[in-house]
Structure formats: C-alpha cells, structure tokens
Amino acid sequence: MSAPLGVAVLGTAFMGRAHSSAWRNVGAVFPDAPATAMRVLCGSDPARTAAAARSLGWQEAATDWREVIARDDVQVVDICTPGHLHAEMATAALEAGKHVLVEKPLATSLAEAERMAEAAARAPGASMLGFNYRRVPALALARELVRDGRIGQVRTVRAAYLQDWLVDPEAPMTWRLRAETAGNGALGDLGSHVVDQILAITGQRVTAARGTLRTFQHERQGPAGPEPVTVDDAAWAQLDLDGGAVASLEVSRVATGSKNALTIEVHGTDGAIAFDLERLNELRVTEGRDGWPARVLVTEPTHPYLDAWWPPGHVLGWDSTFIMQAADLLRGIEAGRAPTPSFADGLAVQRVLDAVERSDAADGARMPIGDR
Ligand code: SOE
C-alpha cells in the first residue's frame, strides 16, 4: 500500500474552506482514488489559520507558504489565495516537484498566465486549474451530448454568470475589487468560468472577441477609509468560435436577485441544451427541434460521476463539485495523465479575457485572438 499523498492548501478564505471540505471527503466518496493526508493549511494570520486548520480537519497550520511547499511530506499544493499570488506560488511549487491545483482564474494578467503555462509544461508534477463547474454532472452530460452530436452543429451559445453580492452600496472593499490583486472584476471572477464552459461544451476555440466592461460603484469602504474600485462590476462580450458558432456572454456581481446563476444555453441545428447552476442537478435537453421539455434530473448512476454518490433523485450540492475535482486530480496523478483543465486551458481562457478588456478599451472593436 503506497504512502498517502500529503496535501497542503494555501489560503483560508471561501475557496480555502471549499477545497478543505473536498480534501476531507474525497476518500469517502471516491475510495478508488489515491489516499491523501491533510498535512497543513497555510494562511497569513497565525490565529485565524490555526483556528481554521482545527475546524477544517488539517494536521497542522502554517503561515510561511515557501516552507510548506518545501516539505517532504507535502506532494500536492492546492492554491486558494487571491489571484495576484497564483503565479509565484504555482511556479515555485511546480519547480519544487509538487503536483499543483490552482483556483481560477489562472492569473491576473496574460503575461503571468503564459509564464504559468510554460512552467507547468516543463514541470514533472501534475497541474490542474480549478474550474470546478466542469465537475457538475449536468454540465459533464452536456459536454457528452454536444460531442456525440445530439444537438447537431452548434450555431449559438448564450451564457451568463449573475450574482448580486455587490449590489449593496455598503458592501466593503475586498481584494476582488482591486486590479492589482484580482486583475479584473466580474470578467475574471465569473467570466473565466463562463468562457471555460463555452470552450469545454462546444469543443471550439475563440478566434475573436468584442466586449464592454462597466463599473457602477467607483468607491467602497476599506479598513482605513474609502478606496477606489478599480475593476468591473459587470461585463458583456460577443465571442466568435472557430467552428462557426457565436457566443454571447454576460457577467455581473450587481445583478439584483441572482445569487449564483451560471446559465448556459447551447443552440444546435438539431436541438438545444440549457443549464442553470441554481438548479445544478438538472439539464434541459430538447427532443430534436421541438420545444423545451420539463428537465432531465441528472442523478442516475449512468450519468457522469453519479455512480459514486447516492441513489437517483438524491441531489448533489455546490460543494460536491470540489470533491469530484479533487478526485480527478488524484486519478490523473496516479495514472500519470495530465488532469484537465490544464494551465494551457487556463491560458486559453485568459487570452479571451484579455481580448475583451482590449476591446473595451477600443470602444468595442473586434479583437482577434491568436495562439500566441
Ligand atoms: C465569486 O463570488 C465566486 O466566489 C467565484 O469566485 C467562484 O469561482 C464561484 O464558484 C462562486 O462565486
């Protein structure tokens, strides 16, 4: 019996908690995946990190991430920190021979994303980007249906990711609202998920983008007083795909009434599919070109990932996507197979986000997207 893979998570906030829950449960849901040991949770504040390590089930707490990635009993480094820290942490962990999982988006700039993809291509360890919605069984089923020709040739995609946690003018300043720590706002935070889903479901590449970004509230209360908001609250884009399809994208963190509404419709010559994250166990699939049926409840053991979970109708939750993500990383490590999405997939997304930002700066002009 091989020794368990030692895991470290860097970051103790929302994503640090979601990933910790995944590492705590992956062995119970997927006993066939390689065994892991929850070695250490690393954060910036000693007291907060020690308390989080205890409550989240980690063996130890630490505050120096460089010491953590140098440990011989850590083989997997899971980076859940603000975006501006991803590049330095991920390249250092890869150079130390570790397997690396990084939360999305890959980086806060195209240049950083290119360096990270190059480092991953050279590194002996596995690397994976945390687009966790790829593990939603309904979206995995959508990919299969489109790949298998169920809806014919894809003509149009209509995708959005709407939240409203910033609609309150009193919502405080956070790292997600500063360009130097987040890169951009809704476009990168939510738009990266949407672009990844468009690429994964259609199997097509984006060749050009037009876009608009908008900031509605330009100042928010920080710890030491009012601070400028330097990222977008919402963004819109039109994406041309190399298979001839056209995708429309809308993302917002001020969409009053929408809590976590990632919605995707894919329209083909022989049918269509539709998904809404707020109903994540369901997929709507037309019968041919007829109208929308009620829904497909994606909880059968024959559906992606579901043979590992509960009986039909015993629906999964948002956090289960992180458990399936961890299992796929571990299986990739064990099989010596590069996990997906890769850093190269993340770079492809970053190129689209960069083109949308350049289009916005050029009054919505069409921006081609090359491979380099
Ligand atoms: C934004 O609020 C956010 O936390 C994203 O950063 C996550 O990727 C998404 O899964 C939930 O919403």
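Note on the range 216-230: residues that are exposed (fewer than 14 other Cβ atoms within 10 Å of the Cβ) and out of contact with any strand residue (DSSP E or B) (no Cβ under 9 Å at 6 or more places or on another chain) total 3.
Within the range 109-123, can one find any residue that is touching a residue at least 40 places away in the same chain (Cβ under 8 Å), within 16 Å of the ligand (Cβ to nearest atom) and of a type in the set (S, T, N, Q)? Among the residues of the range 109-123, not one is touching a residue at least 40 places away in the same chain (Cβ under 8 Å), within 16 Å of the ligand (Cβ to nearest atom) and of a type in the set (S, T, N, Q), which makes the answer no. Can you say whether GLU300 is part of a loop (DSSP other than H, G, I, E, B), over 30 Å from ALA119 (Cβ atoms) and more than 16 Å from the ligand (Cβ to nearest atom), as far as the supplied structure shows? Against the criterion (part of a loop (DSSP other than H, G, I, E, B), over 30 Å from ALA119 (Cβ atoms) and more than 16 Å from the ligand (Cβ to nearest atom)), GLU300 qualifies.
Does VAL136 satisfy being of a type in the set (Val, Ile, Thr), over 23 Å from GLN350 (Cβ atoms) and surrounded by 17 or more Cβ atoms within 10 Å (Cβ to Cβ)? So VAL136 does not fit the description; no. On the stretch given as the range 312-341, residues that are more than 16 Å from the ligand (Cβ to nearest atom) and either surrounded by fewer than 19 Cβ atoms within 10 Å (Cβ to Cβ) or part of a helix (DSSP H, G or I) (or both) total 17.
Number of residues in the range 131-153 that are away from the ligand (no atom under 16 Å from the Cβ), more than 11 Å from VAL266 (Cα to Cα) and in a loop (DSSP other than H, G, I, E, B) equals 3.
A short reminder: the numbers here are calculations on the coordinates, not readings from a lab. Source: prediction; values computed, not measured. Reconstructed Cβ throughout: ideal geometry from the backbone, glycine too, with neighbour counts over all protein chains shown.
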